[in-house]
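Please read the structure below before turning to the comments.
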Amino acid sequence: MITAVDVIRTKRDGGELSTAQIDWVIDAYTKGSVADEQMSALAMAIFLNGAKPREIADWTAAMIRSGITLDLSSVGRPCVDKHSTGGVGDKITLPLAPLVAVFDVAVPQLSGRGLGHTGGTLDKLESIPGFQVDMTEAQVLEQLKDIGAVICAATGDLAPADKKLYALRDITSTVEAIPLIASSIMCKKIAEGADAIVLDVKVGSGAFMKEFAQARELAETMVRLGADHGVDTRALLTDMSIPLGRTAGNALEVRESVEVLAGGGPEDVVELTVALAEEMLAAAGKPDADPAAALRDGRAMDKWRKMIAAQGGEVDAPLPVAREFEEITADADGFVTEMDAYAVGVAAWRLGAGRERQGQPVQAGAGIEILKAVGEPVKAGETVLRLHTDTPERFAAAKETLEGQWKIGGEPAKRGPIVLDRVTA
Ligand code: URA
């Protein structure tokens, strides 16, 4: 007979869990017969002692089996999904989904909400008046057939074991473990039923993985899990040491995404959107498609407008703006040489763009605009950062977070490359 105590002890003592133990513990936890306390202990043992590739594969398969798997075969075209491990100013899903859909590839983006310093795609989109993130499976399929792109909330029936476990990891400091992150992300993505998955694995201060070697290991683990399940999975390792683009915060990021869809926007956001689109299109068997052209000529914007309208959003309505703003100015002439992603993420969160606990509301207009980004010249007195919130008592904490986290130097610094590496099966 398998018991929770035996499973925890095996891992605590550095042993390897059998397939039967993993299947049992995931099933029993999903049903509630393994308690949160026991799962917390097991998660911590995995955090401290790691897991073998076979255990990670079994863990992922068991979490997939804990819920439903979507069947996208009726969509009638290749379905490709993208997932980011989370970063600051990472609004790429917004322009990317409609952009890839331009090329007759379906993009089912089942997304999440923000927790802590990283934003959530659903929170961003909900700043568009009327936009609905809750959809039934039938509605998702219908929209994929009609328009090709959907960005909505994952149903609770998809990998429910992960839903419970992720909430538990969040409050027991067991999030940043490669076996747990890889299985958590891939069980949901595989259950979504896409033919191919492109992963954007972030590296740097604003990411879960601060070091390149860790991020590469995470990417390799996820690519292997995808391949084990017959899903073409590829990963780009991308820089998250400084924020992506010039905005962090819900409506602010939607505005920037619309600029990208209109053929403009910050260079780094455009570069990463196009790089990920090229990977997705190659995975869908369309290596010669030119996504950069579709941003320039308005085709991606047309798809965006259709997708937003189909989900009840008022495409031309003004986006919410926070009630108050304050600015942080440069005290010397020079060039911006540093802008720490983590600090900007935490400051935006403290301004009200993010939540401390699941279920809390977020402020649509809160966040940070970066007026002078890394590499740009600045004069004393010019605004570097603009802080937005509806609740001005939050300004002090946000400013304190940013103190010493951006720098001005005498030499022009260049932003390094966005795409650092690529991992394929
Ligand atoms: N995102 C997830 O879905 N799971 C993790 O464990 C980390 C990030």
*Among V378, F335, H388 - extreme Cα towards positive end, dipole of the range 324-409, charges at beta-carbon*: H388
_Rounded to the nearest 20 debye, dipole of the chain from Cβ charges on Lys, Arg, Asp, Glu_ = 420 debye
*Point-charge dipole on Cβ atoms (K/R +1, D/E -1) for the range 324-409, about Cα centre, debye to 20*: 280 debye
*Please return the longest stretch of the chain lacking exposed loop sites, where trypsin sites (Lys or Arg not before Pro) count only if DSSP places them in a loop and at most 12 other Cβ atoms lie within 10 Å.*
1-356
*Can you spot the lysines whose alpha carbon is less than 22 Å from K286's alpha carbon? Ignore those fewer than 8 places along the same chain.*
K82, K145, K189, K303
*Principal axis dimensions, the range 304-361 - Cα atoms, whole angstrom, descending*: 48, 30, 22
_Please check: in the Gaussian network model of the chain (C-alpha springs, under 10 Å), which one of T172, T60, T233 has the largest mean-square fluctuation._
T172
*With a/c under 1.5 counting as rounded, go ahead and sort the range 4-50 into rounded, prolate or oblate using the C-alpha gyration tensor (a ≥ b ≥ c being the square roots of the eigenvalues; past the cut-off, prolate if a/b is larger than b/c, else oblate).*
oblate
*Would you work out if the range 324-409 is rounded, prolate or oblate? Take a ≥ b ≥ c from the square roots of the eigenvalues of the alpha-carbon gyration tensor; rounded if a/c is under 1.5, else prolate when a/b is larger than b/c, oblate otherwise.*
prolate
_Folded to 0 to 90 degrees: helix 160-171 orientation relative to the chain principal axis, Cα_ = 60 degrees
*Pull up the cross-link candidates among the lysines for K11, meaning alpha carbon to alpha carbon under 23 Å and not fewer than 8 places away within one chain.*
K31, K52, K163, K164
*Any chance you could look up the accessible area of E217 with a 1.4 Å probe, heavy atoms only, rounded to 10 Å²?*
100 Å²
_Based on alpha-carbon atoms only, what is the radius of gyration of the chain relative to the globular estimate 2.2 N^0.38 Å?_
0.97
*Counting only the heavy atoms of the protein chains, how much of D134 is accessible to a 1.4 Å probe, in Å² to the nearest 10?*
120 Å²
*Hey, what do the phi angles of the range 25-38 turn into as Karplus ³J(HN,Hα) couplings, whole Hz, using 6.51/-1.76/1.60 and θ = phi - 60°, x for Gly and Pro?*
5, 5, 5, 5, 5, 4, 7, x, 8, 9, 7, 4, 4, 5
*Which angle from 0 to 90°, rounded to the nearest 10, does the C-alpha axis of helix 267-283 make with the longest principal axis of the chain?*
30 degrees
_Suppose only helical runs count, i.e. DSSP H with n ≥ 4. What mean residue ellipticity at 222 nm does that imply for the chain under -39500 (n - 2.57) per run, divided by all residues and rounded to the nearest 500 deg cm²/dmol?_
-13000 deg cm²/dmol
*Dipole of the chain, positive end: most advanced residue of I242, A191, G263 [Cβ charges, Cα centre]*: A191
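The values are calculated or read from the model by the stated rules, or taken from the named source; none is laboratory data. Note that the structure is predicted; figures quoted are calculated from it, not measured. As a convention, Cβ positions derive from the backbone with ideal geometry for all residues, glycine included, and neighbour counts pool all protein chains shown. Heads up: the accessible areas ignore ligands, DNA and RNA and are worked out on the full protein's heavy atoms, side chains in. Shrake-Rupley method; radii C 1.70, N 1.55, O 1.52, S 1.80 Å.
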